[in-house]
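Structure first, commentary second.
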Amino acid sequence: MSEAPSVEAIRAARARLGDLVVTTPVRRLHSPLVERRLGKTEVVLKEELFQRTGSFKPRGALCVMLDLPKDALARGVTCVSAGNHAMATAYAAWVLGTTAKVVMPRSASPFRVAGSRELGAEVELVDNVHQAFDRVREIESTEGRTFVHPFEGPKTALGTATVGLELIEQAGELDAVIVPIGGGGLAAGVAAAVKQLSPRTAVYGVEPTGADSMARSFAAGEPRSIEAVRTIADSLGAPHAAPYSYALCRRFIDALVLVDDDQLRDAMLLLFSSAKLAVEPAGAAATAALLGPLRDRLSGKRVGLIVCGANIDAATFSKHLGDAVAQAS
C-alpha cells in the first residue's frame, strides 16, 4: 500500500510553502437559484481558482522543486502540460530563481501558452500529449533538467493535500467533499488530508465522461489509460492514471461520478450567476457533480466543493455560458 502523507507532514508542507502560495478563501454558495436547484443542501466553495497562476497547481510543483538539490535546481526544470501545470511550473521556477522549459500540445489553450511565457517559461509545442512526454524525456537527458510531473508522486500529493488541510480548517465539519480528477494528483492529496482530519467526511471524485481514466482504473483494479480526451474540461484530460495517485484515490475516495460537457457548462453558468466566479470547465466539475449525479445522495448535507481553476480566455468562457443558456431555455 502506498504511504499517504501524514497530517504532520501536510502541516509542515503548508508552513514551508509560506506565502509562495495563497490560503485561498472558503465561502458559502447561497442564492435563490442555488436553493431552487439544491434545496437545503449547504454548499461551501474552496475557491482555489484564486491561487497564484489561477489554479491549485503551484502547491505540488513547489513541493517538488523546494526539495531539489541546489545544482539540480540551477539546471532548471521541465514539464508536460495542457496549461495549468505549465503555468505553475513556470511560476515556481521564477520564484525559486531558476528556469523552466515546458512542453505543451498544440491544442493547448493559447491563453495558457501565453500565460506560461509571461511567467518566464520557454514553451515548446508538439502535436499531442504522448509526444509531449517523449520530448520531456529528451530534455531531461540532454539538458539535465528535472521533470516536474503534472500529477504523480508523493511530493505532488503532499502539496495538493494542503488544499484539503485548509478546507477542513476553514470550513469546519463537512458531510462530504467533492474534488475534480484529471490525473488524480489533486484528488489524491485532498482526499488523504480530508479523511485523516475528518474521517466521517465522505470524499467523492468527479471526472468528465470524455476523460474517465480514474473510473476505468477503479473498475480494473489498476491504473489504466484512455485513447483520447473528449471533453471541454481539458485540464482534466490526463491520458492515464498513475500508480501513486491511483493508490491514494482508491484508498481515500468513497466513490467516483461522471459528468458530461453540458453539465459542466450548466455548473459554470450557476457559479457565474450565483457566486460571480468565472471558472474554466474543470473548475466547475465539483459543482456539476453536486447539481447532477450527487444531488439526491447529498441532499440536505453540508458539502465542500473544490473550485480548482479559472484559466480560460474570455471568448471561450462566453461561448460556454451562451451554450448553457441556450440549453436551459
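Checking each residue in the stretch 1-27 for being charged (D, E, K, R) and either without any contact (Cβ under 8 Å) to a residue 40 or more places away in the chain or out of contact with any helix residue (DSSP H, G or I) (no Cβ under 9 Å at 6 or more places or on another chain) (or both) picks out Glu8, Asp19.
In this structure, is Ser273 over 20 Å from Thr156 (Cβ atoms) and either touching a helix residue (DSSP H, G or I) at 6+ places or on another chain (Cβ under 8 Å) or not hydrophobic (A, V, I, L, M, F, W, C) (or both)?
Numbers: over 20 Å from Thr156 (Cβ atoms): yes; either touching a helix residue (DSSP H, G or I) at 6+ places or on another chain (Cβ under 8 Å) or not hydrophobic (A, V, I, L, M, F, W, C) (or both): yes.
Judged against the criteria, Ser273 is a match.
Test Arg145 against the stated conditions and say whether it is more than 28 Å from Ala289 (Cα to Cα) and either buried (at least 20 other Cβ atoms within 10 Å of the Cβ) or in the same structural domain as Ala215 (by TED's automatic domain parsing) (or both). Full working, then the answer.
Values: more than 28 Å from Ala289 (Cα to Cα): yes; either buried (at least 20 other Cβ atoms within 10 Å of the Cβ) or in the same structural domain as Ala215 (by TED's automatic domain parsing) (or both): yes.
In short, yes.
If you go through the stretch 278-289 one residue at a time, do you hit one that is over 17 Å from the mean Cα position of the chain (by Cα), of a type in the set (D, E, K, R) and at pLDDT 95 or above? Before the answer, list the steps.
We begin by selecting, within the stretch 278-289, every residue over 17 Å from the mean Cα position of the chain (by Cα); these are none.
Scanning the stretch 278-289 turns up no residue that is over 17 Å from the mean Cα position of the chain (by Cα), of a type in the set (D, E, K, R) and at pLDDT 95 or above.
Close contacts from the stretch 106-117, counting a first residue that is small (Gly, Ala, Ser) and a second that is part of a loop (DSSP other than H, G, I, E, B) and buried (at least 21 other Cβ atoms within 10 Å of the Cβ), with Cβ to Cβ under 6 Å and a gap of 6+ residues or different chains, come to Ala108/Ala82; Ala108/Gly83; Ser109/Gly83.
Inspection of the stretch 20-27 finds no residue satisfying the criterion of being at pLDDT 95 or above, among the polar types (S, T, N, Q) and buried (at least 23 other Cβ atoms within 10 Å of the Cβ). Among the residues of the stretch 148-188, those that are in contact with a strand residue (DSSP E or B) (Cβ under 6 Å, 6 or more places away or on another chain), surrounded by fewer than 24 Cβ atoms within 10 Å (Cβ to Cβ) and part of a helix (DSSP H, G or I) comprise Gln170, Ala171. Name the pairs: first residue in the stretch 28-54 and under 21 Å from Ala282 (Cβ atoms), second residue outside any strand (DSSP E or B) and among the acidic types (Asp, Glu), Cβ to Cβ under 8 Å, at least 6 apart or on different chains? Pairs that qualify, where the first residue is under 21 Å from Ala282 (Cβ atoms) and the partner is outside any strand (DSSP E or B) and among the acidic types (Asp, Glu), are Lys46/Glu166.
Mind listing whichever residues of the stretch 118-129 are in contact (Cβ under 8 Å) with a residue 24 or more places away in the chain and β-branched (Val, Ile, Thr)? First the steps, then the outcome.
The first filter runs over the stretch 118-129 and keeps only residues in contact (Cβ under 8 Å) with a residue 24 or more places away in the chain, leaving 119-121, 123, 129.
Val123, Val129 - these are the residues of the stretch 118-129 that are in contact (Cβ under 8 Å) with a residue 24 or more places away in the chain and β-branched (Val, Ile, Thr).
Once the stretch 28-40 is narrowed to residues that are in a helix (DSSP H, G or I) and out of contact with any helix residue (DSSP H, G or I) (no Cβ under 9 Å at 6 or more places or on another chain), the residue that is surrounded by the fewest Cβ atoms within 10 Å (Cβ to Cβ) is Arg36.
The values are calculated or read from the model by the stated rules, or taken from the named source; none is laboratory data. On a predicted model such as this, the values are computed, not experimentally measured, just so you know. With ideal geometry, Cβ positions are generated from the backbone for all residues, glycine too; neighbour counts draw on all protein chains shown.
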